[in-house]
Amino acid sequence: MQPISENDSDLVGQIEAVGQRIAEVRQNIGRVIFGQEEVINETLITLLAGGHALLIGVPGLAKTRLVATLGTVLGLEDKRVQFTPDLMPADILGSEVLEESDSGRRSFRFLPGPVFCQLLMADEINRASPRTQSALLQAMQENAVSIAGQRHPLPSPFHVLATQNPLEQEGTYPLPEAQLDRFLMRVHLGYPTNTDEVLMMDSQQVTHPVDSLQQVTDASEIIQTQQAVKEIYVDPLIKQYIVGLVDMTRQHESVYLGASPRGSLALYRTSQAQAMLDGRDYVIPDDVKSLAYATLGHRVIVSPSARVKSVTAADIILGCLERVPVPGARARGGQPT
């Protein structure tokens, strides 16, 4: 194994500091959100990797509360937009208004929309028209929006956490593939256990725990952590493993359209974030395997013939994981074992 360099030593120190901070973040979130540990973990991975998440779950599972809690605990400016069929792009991005000065001179002034924040909650995003949904494309990809030919950068960091109800489809518009591909991860929320529901009742007996939430970190520290995530070591064999999995989604017999290269980059970055959360400065194959479905599942289109047979994206990703050989462990810069 190669000796740890000074840069590696600094990274190890950062990982230890991040671990302590994340423990505080989890503790605060856990006072409000019960029985959703995996959801919280995947959402934190999304934020540390600098991406956006699509939260899927039926009403009442604390999707909205989770986003608001994250904004408070992480010290991010958060805003919420309720997506409805009559919502217009200007209602999200902002618009220019014509003003007249005291001297009679007229000029346009830009009024920023709610997208100009650090944590945007797009509630029930599939209820808005495709035109309004696509208004977020540039923001999610470039962290900027263009209004009347002028480019306006968004605050940093900038994250979109969108929610979607998987049951009610009447009056909704399915997200286009280009939009889905911009989401780093798709996070599924399930029901808490009976024990967690009892704990939830106990926590809200007198006051709601959200009223006593404390800010643990801030935007500048999050940006530093996101930069540190990019320094997590990924062995060439792990990179080949990631590309092999993504390529297998394109070759799978039940797939109409597989994941794009953006999927490879997403799995690469989320694996780095998972390693940091686990206190490691290197990625292991289990990081990739555990995040494969959340990262690639929404980028895969199941073929019509396979859909008739009730084949799902989860089945396809599981099949890809079974077919692609897992790389052997090896020391950094060394040979496979």
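Where a number appears in this text, it was derived from the coordinates with a stated rule and is not lab data. Just so it is clear, the structure is predicted and the values come from calculations on it, not from any experiment. Using ideal geometry, Cβ is built from the backbone for each residue, glycine included, and neighbour counts are taken over all protein chains shown.
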Item to check | Loop-located GluC sites (Glu not before Pro) in the stretch 161-202, at most 11 other Cβ atoms within 10 Å (DSSP) | outcome: 170
Checklist entry - So how much slack lies between residue 108 and residue 197, counting 0.36 nm per residue of separation and subtracting their Cα-Cα distance, in nm? => result 26.8 nm
Item to check | Local electrostatic count at residue 218 - Lys and Arg +1, Asp and Glu -1, tallied over other residues with Cβ under 11 Å | outcome: -1
Item to check | Those lysines that a straight Cα-Cα span of less than 19 Å connects to residue 63, excepting residues fewer than 8 apart in one chain | outcome: 79
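Got a sec? How would 108, 183, 158 order by Cβ neighbour count within 10 Å, fewest to most?
Least crowded to most crowded, the residues run 108, 158, 183.
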Item to check | Average projection area in nm² (convex hull over Cα atoms of the chain, one quarter of hull surface) | outcome: 21.9 nm²
Item to check | On Cα atoms only, tilt of 261-277 relative to the major axis of the chain in degrees | outcome: 80 degrees
Next on the checklist: Antiparallel versus total DSSP beta bridges in the chain: what percent is that, nearest 5?
Outcome noted: 40 percent
Item to check | Proximal lysines to residue 239, defined as alpha-carbon separation beneath 29 angstrom and excluding residues fewer than eight positions away on the same chain | outcome: 230, 289
Checklist entry - What share of the DSSP beta bridges in the stretch 1-141 is antiparallel, in percent to the nearest 5? => result 60 percent
Checklist outcome for this item: Dividing the helical contributions, -39500 (n - 2.57) per DSSP H run of n ≥ 4, by the residues of the chain yields a 222 nm value, nearest 500 deg cm²/dmol, of -13500 deg cm²/dmol
